[in-house]
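What follows is a single structure, written as structure tokens, with notes after it.
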Amino acid sequence: MYPTREEAERLLVEAEECNPGPWDDHSRVVAHCAEEIAKRCGMDSEKAYVLGLLHDIGRKYGKRHLGHVSDGYSYMMSLGYDEVARICLSHSFNEHDLDQYIGNFDTSEEETKLIREGLDAMEYDDYDLLIQLCDAIGGAEGVVDMALRMEDVKSRYGAYPQEKWDKNMWLKNYFERKMGEDLYIAVDKENYRPVKGGNV
Ligand SMILES: [Fe+2]
């Protein structure tokens, strides 16, 4: 289950009011990219858009690192949106491994257990992979070059694991092969800009 486009947009606006920050426009960029890529791969573009828009919805509950993953999962499960809940978990772990998380482990024991068990029970599908890719190219002001973004993360956190870097490049190639098109052209990197308050 996942919400309609309109409901997803409403949830994002509401969440942004609780914890203002650039993450809402980042979410819009991710949603845009997911929709455009999905259209070109024979995937459900509406579902891709909604999953992209809500992947970081856990940020509603404040400025947390790993905590936004469990917050998002629990919030979406409470609304019955299990397909979004899994994306809240899977988007941060492109290697399917909790220990590869970049950022602070600021979760309680219970929250960490929830994430670990959720990941263990999950087999990634193309929607999980799609949002991981879009998260890696979604800036707050528009689409960013994946390699430049990884450099940025590296400078903010001091390191960027090679395996994660390689996995992101693998994701880019995987979807480019599916689309038969260059990623940045497909998502109109040069021209697309998010619109505050929604561009649906
Ligand atoms: Fe994100």
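Normalised size of the range 5-186, defined as Cα radius of gyration per 2.2 N^0.38 Å with N residues, equals 0.95. Separation of the range 86-102 and the range 3-79, taken as the distance between their Cα centroids, equals 16 angstrom. Amide H contacts under 5 Å for GLY138: VAL144, restricted to partners 5 or more places along the chain or on a different chain, H placed in the peptide plane at 1.01 Å from N. What helices in the chain pass both tests, a Cα length along the helix axis of 15 Å or more and a mean Kyte hydropathy of -0.5 or higher, using whole DSSP H runs? Going by DSSP H runs, the hits are 67-78, 126-137. Per-peptide packing, taken as the mean over residues of other Cβ atoms within 10 Å, places 184-191, 168-175 in the sequence 168-175, 184-191 from highest down. Segment ARG10..ASN191, full-extension length gain: 62.7 nm, with 0.36 nm per residue of separation and the alpha-carbon distance subtracted. Our summary gives the range 5-186 a relative contact order of 24 percent, counting only alpha carbon pairs under 8 angstrom and 6 or more residues apart.
Around the Cα centre of the range 5-186, unit charges on the Cβ atoms of Lys, Arg, Asp and Glu (plus for the first two, minus for the last two) sum to a dipole of about 300 debye.
A cut-off under 14 angstrom between Cβ atoms defines the neighbours of ASP125, and their net charge, with Lys, Arg +1 and Asp, Glu -1, is -3.
Where a number appears in this text, it was derived from the coordinates with a stated rule and is not lab data. Note that this is a predicted model, so its numbers are computed, not measured. As a convention, Cβ positions derive from the backbone with ideal geometry for all residues, glycine included, and neighbour counts pool all protein chains shown.
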